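Single-structure report; data block below.
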């Protein structure tokens, strides 16, 4: 880490935006001050969801490590909101690793992407990661048909010819996937309200 020629106490007078700019320049003292000002709030967010002191501390530590490693990101509009958002995604990831399964629908991704709470770079990265994870939970054949229809844009008939199966089979697989995703709508809404509107 590089530190600029400034006395440590000077950083106390800087705003968060000013500290962010210095962190982008690899100023370690600015990073330390940013950490000092925001750590408690981030820890509180993590602990409220995880109810585990050690896990909450680990989550916050991971967020700050990632933040330092990605400090050159230029499209952060509000550094505190960015860090809070990062904590929320880390917590979701912890739930996911404990088999707290949440499934994706296009409307939910759109809501998040357009949310006033979102930071575009962070959200894009995390949603892509989560979306890939959720798609991979589908049975292999269903996943293949899902990707052909909604990622490649193929018609039912085109998928049937490509996979040498009947259009009825394609329709059934698409219907089963849609039914499965709809059945998990409540979990999606739970995650949305818990992490974006929860206290």
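The values are calculated or read from the model by the stated rules, or taken from the named source; none is laboratory data. If you're wondering where the values come from, they're calculated on a predicted model, not measured in any experiment. Methodologically, a virtual Cβ is constructed for each residue, glycine included, from the backbone with ideal geometry; neighbour enumeration extends over all protein chains shown.
Please go through the stretch 148-159 and pick out each residue that is assigned to a helix (DSSP H, G or I) and modelled with pLDDT of 85 or more. Across the stretch 148-159, the qualifying residues are 148, 149, 156, 157, 158, 159. Surrounded by 15 or more Cβ atoms within 10 Å (Cβ to Cβ) and at pLDDT below 90, is that true of residue 49? Judged against the criteria, residue 49 is a match.
It is to be established whether one or more residues within the stretch 35-58 are outside any helix (DSSP H, G or I) and under 22 Å from the mean Cα position of the chain (by Cα). So far as the stretch 35-58 goes, yes, one or more of its residues are outside any helix (DSSP H, G or I) and under 22 Å from the mean Cα position of the chain (by Cα). Candidates 76, 165: the one that is at pLDDT 70 or above, under 21 Å from residue 45 (Cα atoms), over 13 Å from the mean Cα position of the chain (by Cα) and not in a helix (DSSP H, G or I) is 76.
For residue 141, the test of being surrounded by 12 or more Cβ atoms within 10 Å (Cβ to Cβ), modelled with pLDDT of 90 or more and part of a helix (DSSP H, G or I) is passed.
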